[in-house]
Amino acid sequence: MTSRYYPEQQRLTLGFVPLLDAAPLIVAQELGLFAAQGLNVSLQREASWASIRDKVAFGVLDGAQMIAPLPLASSLGLGAAAVPMTTALVLSSGGNAITLSQRLLQQLDLDPALLPCPLASGKALQQYLLQQLLRQSAQQPLRLATVSPYSCHHYQLHYWLSTAGISPRQVEVIGVAPAAMTAQLASGAIDGFCVGEPWSSLAQLSGHGTIVTSCDQLWHNWQEKVFAVSQQFANSKPQCYLALLSALLQACHWLQDIQSNNDKTAQLWHWLAQPQYLALAERGLSGSKLFNKAIAQAFFGPALNMPWRSQGAFILQQMRNLQQWQGPLNQPLLQQVYRPDLYRQVAANLGFDAPAEDWRLEGEIGSKGDGSRFIDGLLFGVNPG
């Protein structure tokens, strides 16, 4: 599709972390979608989300794939100095899973045939921790890892524990970079982790861990990665920002049928296998195993790519639940960080449908099946007025 925009800046550097859901950026680059918008984009691989956040904040990166809560956390000054950030596009949903070490799994009263199952695995872990308490065991507390304290991984892990009746005080949760998870699990440094693909599948293929639940089973149809820029970039280079959004939304659309289209899967594997991206060939993950059917992952849909402010409000609530932040469900903040108006503009120019609302009742799947759903049946609504 031809460009409808006139970018104020052509040469750009965008960051990504080597995960399957970096695919929209890689596809946009390899298919020439950035170039079609008049953009000369370089993709820069980063090891951690903290690095992504800091480099976008200081202008080293013009924009980046981000874990969904990070623009909010950065705008609030959680974990670093406050830098207002904004997102107008969700790149993916799902793709996360909770994996436990084989050592721990062997101590749980759990039928492996039931897995992945959040309720069975959570109950088994809760019973194990109760037995340890009754025995007054002197063992170290369970150590679980997530990629960042300001990530859906972190909140989904705690949601799973809470649903099973496990208090945050009963486990230790630390931060580990995605690519280091399997090695940390194998060494015994951690007992389990929550991470995005392909790292859970690789841990299971290596025999070091077992996937006990996908996070889509906990939070169904939930934003996972977003494309984010600083508010300063969005305000000073609006045409450039729209051009980036257009290229990336087209890439998400190309990925719509990726798990059922063998030709596309093979093409994507070829790109991801390259050393500058995910180096999958070096890790033994073949094209036929690129997507784990037990871990739901999606890249395109009118409601999926929408930056719902109601989901932002729910993320703020998780921050409050874990004492990361004590403020209100701040409407002006959510309006600054989430820009559904820009998403609708870009989607309309491409001929794609987009929801008319900025807010919805989270936890209600809806007649079209594109709403969200929580494992415990929670309904979460905020009055946007």
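Computed from the coordinates by the stated procedures, all read-outs in this text should not be read as laboratory data. Because the structure is predicted, anything quoted here is derived from the model rather than measured. Note that each Cβ is placed from the backbone with ideal geometry, even for glycine, and that neighbours are counted across all protein chains shown.
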Revision key, fill the gap. So the strands (runs of 3 or more DSSP E) completely within segment 53-159 holding 3 or more residues that are farther than 24 Å from residue 343 by Cβ are 96-101, 142-146
Practice item. Filter segment 206-254 for residues that are buried (at least 22 other Cβ atoms within 10 Å of the Cβ) and assigned to a loop (DSSP other than H, G, I, E, B) and give the result. Key: 218, 222
Practice item. Please work out if residue 136 is out of contact with any Leu (no Cβ under 9 Å at 6 or more places or on another chain) and surrounded by fewer than 18 Cβ atoms within 10 Å (Cβ to Cβ). Key: yes
Exercise for review: Please enumerate the residues belonging to segment 18-52 that are outside any loop (DSSP other than H, G, I, E, B), charged (D, E, K, R) and more than 14 Å from the chain's Cα centre (by Cα).
Suggested key: 30, 45
Review point. Which members of segment 155-179 meet the condition of being touching a strand residue (DSSP E or B) at 6+ places or on another chain (Cβ under 7 Å) and small (Gly, Ala, Ser)?
Key: 175
Exercise for review: Would you check if there is a residue in segment 336-354 being closer than 25 Å to residue 212 by Cβ, hydrophobic (A, V, I, L, M, F, W, C) and touching a strand residue (DSSP E or B) at 6+ places or on another chain (Cβ under 6 Å)?
Suggested key: no
Exercise for review: Could you give me the residue pairs with C-beta distances under 8 Å whose first residue belongs to segment 40-62 and is at positive phi, whose second residue is of a type in the set (S, T, N, Q) and surrounded by 15 or more Cβ atoms within 10 Å (Cβ to Cβ) wherever it lies, and which are 6+ apart or on separate chains?
Suggested key: 59/230
